[in-house]
1. How many residues are more than 10 Å from the ligand (Cβ to nearest atom) and either within 19 Å of residue 2 (Cβ to Cβ) or not in a loop (DSSP other than H, G, I, E, B) (or both) when one looks only at region 54-70?
2. Would you confirm whether or not region 41-57 contains a residue that is in contact with a strand residue (DSSP E or B) (Cβ under 9 Å, 6 or more places away or on another chain), surrounded by 13 or more Cβ atoms within 10 Å (Cβ to Cβ) and modelled with pLDDT of 95 or more?
3. Could you list, ordered by first residue, the pairs with Cβ atoms under 6 Å in which the first is in region 12-31 and over 18 Å from residue 42 (Cα atoms) and the second is part of a loop (DSSP other than H, G, I, E, B), at least 6 apart or interchain?
4. Taking the residues in region 18-29 that are touching a helix residue (DSSP H, G or I) at 6+ places or on another chain (Cβ under 9 Å) and surrounded by 10 or more Cβ atoms within 10 Å (Cβ to Cβ) as candidates, determine which candidate is nearest to residue 5 (Cα to Cα).
5. Restricting attention to region 5-21, does a residue exist that is over 11 Å from the mean Cα position of the chain (by Cα) and within 8 Å of the ligand (Cβ to nearest atom)?
Ligand code: SF4
């Protein structure tokens, strides 16, 4: 989310790029496609695609950090 431009913050903050290269979509990974480039990746991320976790009625997130047993890293 830190790499998504915010129209209200243009010129006021530096975007944080996602390092590395995207996965091969012709041979997608078994787990989360961000695993190789995510600074919060865990073993479960490599092994299983995260399901959608409901954050609120209008917001879902496909990230294992939203699981009830995930470590709290300050972004969830
Ligand atoms: S599931 Fe979340 S924490 Fe895991 S690699 Fe993907 S984006 Fe990162």
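The values are calculated or read from the model by the stated rules, or taken from the named source; none is laboratory data. Please read all numbers here as calculations on a predicted model, not as lab measurements. Don't worry about glycine lacking a Cβ; one is built from the backbone with ideal geometry, like all the others, and counts go over all protein chains shown.
1. Here is the first cut: in region 54-70, the ones more than 10 Å from the ligand (Cβ to nearest atom) are 54-60, 68-69.
Now narrow it down to the ones that are either within 19 Å of residue 2 (Cβ to Cβ) or not in a loop (DSSP other than H, G, I, E, B) (or both): 54-56, 59-60.
Residues in region 54-70 being more than 10 Å from the ligand (Cβ to nearest atom) and either within 19 Å of residue 2 (Cβ to Cβ) or not in a loop (DSSP other than H, G, I, E, B) (or both): 5 in total.
2. Within region 41-57, the subset in contact with a strand residue (DSSP E or B) (Cβ under 9 Å, 6 or more places away or on another chain) is 50, 52-55.
Keeping just the survivors that are surrounded by 13 or more Cβ atoms within 10 Å (Cβ to Cβ) gives 50, 53.
Then drop every residue that is not modelled with pLDDT of 95 or more, which leaves 50, 53.
Within region 41-57, one or more residues are in contact with a strand residue (DSSP E or B) (Cβ under 9 Å, 6 or more places away or on another chain), surrounded by 13 or more Cβ atoms within 10 Å (Cβ to Cβ) and modelled with pLDDT of 95 or more.
3. 15/3; 16/2; 16/3; 17/3
4. In the first step, residues of region 18-29 are kept if they are touching a helix residue (DSSP H, G or I) at 6+ places or on another chain (Cβ under 9 Å); the result is 18-23, 29.
So of that shortlist, the ones also surrounded by 10 or more Cβ atoms within 10 Å (Cβ to Cβ) come out as 18, 20, 22-23, 29.
Working: 18: 13, 20: 19, 22: 19, 23: 22, 29: 27 Å.
Across region 18-29, the extreme among qualifying residues is 18.
5. Here is the first cut: in region 5-21, the ones over 11 Å from the mean Cα position of the chain (by Cα) are 5-17, 19-21.
Narrowing further to those that are within 8 Å of the ligand (Cβ to nearest atom): none.
Checked region 5-21: no residue is over 11 Å from the mean Cα position of the chain (by Cα) and within 8 Å of the ligand (Cβ to nearest atom).
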